[in-house]
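The values are calculated or read from the model by the stated rules, or taken from the named source; none is laboratory data. Note that the structure is a prediction, hence the values are computed from the model and not measured. Cβ coordinates were reconstructed from backbone atoms using ideal geometry, including for glycine residues, and neighbour counts include every protein chain displayed. The accessibility values were calculated without ligands, DNA or RNA, using every heavy atom of the protein model including side chains. Shrake-Rupley method; radii C 1.70, N 1.55, O 1.52, S 1.80 Å.
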Amino acid sequence: MQPIKNILPPIVDEQTRVFIVGSMPGKQSLEKQQYYGNPRNHFWPIIGELFQIAIPENYEERIALLRSKKIGLWDSIASCERKGSLDATIKNEVPNDFETLFETYPQIQLVLFNGGKSFDVFKKHVGLEVLEKRSYEKMPSTSPIPGKNIKSFDEKVATWQLLLDYLVDRDV
């Protein structure tokens, strides 16, 4: 297996309140250089459903939409070995530098792990103590790949709704 490098930079700025952490982009996402680039992935449709908006086709507009909603993205894995695009085949993973990211962006209040692999890699290589002042949850994967404990689209939307609680301006 050839090592795979994650070429997608974090989507984060001083306004980010909710930070969504995937595992490692699949082959289509890496080829397109886009988060959740597989059109069958439920991520973008879930965001559209949560905010009751149409998701733009243009990737830059999608990222601008997330930024406007104070949502950031990154992956737990900086590089790994993997056969195909399945998380189950990931080996020899190297984590991204979350300690520096969270020091740089202390305003992040909620970290959502998109599926079990992202959570497991983060916990193993980064450690949950880096999240001590933040809430975090392991969410159902938005991946289109069938597996155990698969939820329906509506069940996923219902679970992912918790991110909305962290986007309400509490200063008002």
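List of remarks:
- Single match in Ala54, Ala78 (criterion: open to solvent by 40 Å² or more (accessible area, probe 1.4 Å), among the small types (Gly, Ala, Ser) and either farther than 15 Å from Thr142 by Cβ or at pLDDT below 95 (or both)): Ala54
- Scanning the range 143-166 for residues that are at pLDDT 90 or above and either open to solvent by 80 Å² or more (accessible area, probe 1.4 Å) or assigned to a loop (DSSP other than H, G, I, E, B) (or both) turns up Asp154, Glu155, Gln161, Asp165.
Every residue, every condition in (1) free of Cβ contacts under 8 Å to residues at least 24 places away in the same chain; (2) open to solvent by 60 Å² or more (accessible area, probe 1.4 Å); (3) closer than 15 Å to Arg62 by Cα, yes or no:
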site: Ile7; (1), (2), (3): no, yes, no
site: Pro10; (1), (2), (3): no, no, yes
site: Asp13; (1), (2), (3): no, no, no
site: Val21; (1), (2), (3): no, no, no
site: Pro25; (1), (2), (3): no, no, no
site: Tyr35; (1), (2), (3): no, no, yes
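- Subset of the range 17-68 [among the charged types (D, E, K, R), part of a helix (DSSP H, G or I) and more than 29 Å from His125 (Cα to Cα)]: Glu49, Glu60, Glu61, Arg62
- Selection from the range 133-142 of residues that are touching a Leu at 6+ places or on another chain (Cβ under 9 Å) and surrounded by fewer than 20 Cβ atoms within 10 Å (Cβ to Cβ): Arg134, Ser135, Tyr136, Glu137, Lys138
- Qualifying residue in the range 73-85 (condition: in a helix (DSSP H, G or I), small (Gly, Ala, Ser) and touching a residue at least 12 places away in the same chain (Cβ under 8 Å)): no
- Filter result for the condition that a residue is among the β-branched types (Val, Ile, Thr) and open to solvent by less than 10 Å² (accessible area, probe 1.4 Å), over Val130, Val121, Val94, Val126: Val121
- Members of the range 88-122 that are on the phi > 0 side of the Ramachandran plot and out of contact with any Gly (no Cβ under 8 Å at 6 or more places or on another chain): Asn92
- Residues being within 17 Å of the chain's Cα centre (by Cα), closer than 19 Å to Gly48 by Cα, not in a helix (DSSP H, G or I) and not small (Gly, Ala, Ser) are entirely absent from the range 115-138.
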